[in-house]
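Take a look at the structure below.
Values in this text are rule-based calculations from the coordinates and carry no lab data. A quick note: this is a predicted structure, and the numbers were derived from the prediction, not measured. FYI the Cβ positions are ideal-geometry reconstructions off the backbone, even for glycines, and counts take in every protein chain you see.
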Amino acid sequence: MAQPPLAGRTCKPCEGGLQPLPLSAAKTLLQDVPGWELVEGQALRRMVKCADFLDAVALIQKIASIAEAEDHHPDLHLTNYRTLTIELSTHAVGGLSENDFILAAKINALLP
């Protein structure tokens, strides 16, 4: 039976002791999250240009709600009053896990 799309999955608890995804697996999953890039094979990054400052803050709040529900929290950087950079990695494994791609897909669903 095929797994549901990434956005339909739930992040799994990650307590460490696991290995990060191999680069080949990360590159395969990257195809399912358009707009994201691999950063040195250790993280995912996406930059979003919002309409204005309040739009960027509203997007941060939406991302925060999803991240909290999934118990998987991204790094969010707001610069130039409307450019939001989102970075995902799984600190407990020291790199990428499937959780990062699940959250990236859920964030993509928020974007036009």
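Please give the charge dipole size of the chain, origin at the Cα centre, charges +1 on K and R Cβ atoms and -1 on D and E Cβ atoms. Round to the nearest 20 debye.
On the way: 9 positive and 13 negative charges, 53 e Å.
Using only the charged Cβ atoms, the result is roughly 260 debye.
Could you give the angle, 0 to 90 degrees to the nearest 10, between helix 53-70's Cα long axis and the longest principal axis of the Cα atoms of the chain?
Once rounded, one gets 30 degrees.
Please state the shape class of the chain: rounded when a/c is under 1.5, otherwise prolate if a/b exceeds b/c and oblate if not, all from the C-alpha gyration tensor.
On the way: a/c = 1.70, a/b = 1.61, b/c = 1.06.
Cα axes put the chain in the prolate bin.
Using a 10 angstrom Cβ neighbour count of at most 10 plus a DSSP loop assignment to flag exposed GluC sites (Glu not before Pro), which longest range of the chain is free of such sites? Don't skip to the end; give the middle numbers.
Values: sites that count: GLU15, GLU40.
Looking at the chain, 41-112 is the longest stretch - no exposed GluC sites (Glu not before Pro) with at most 10 other Cβ atoms within 10 Å.
Between GLU37 and GLN19, what is 0.36 nm times their sequence separation minus the Cα-Cα distance? Round to one decimal in nm.
This chain segment gains 4.4 nm when fully extended.
Taking only C-alpha pairs under 8 Å that are 6+ residues apart, what is the relative contact order of the chain in percent?
Details: 159 pairs, mean separation 42.9, N = 112.
Relative contact order, the chain: 38 percent.
Roughly speaking, what is the stretch gain from SER65 to MET47, that is 0.36 nm per residue apart minus the C-alpha to C-alpha distance, in nm to one decimal?
Details: separation 18, 0.36 × 18 = 6.48 nm, distance 1.89 nm.
In short, 4.6 nm is gained.
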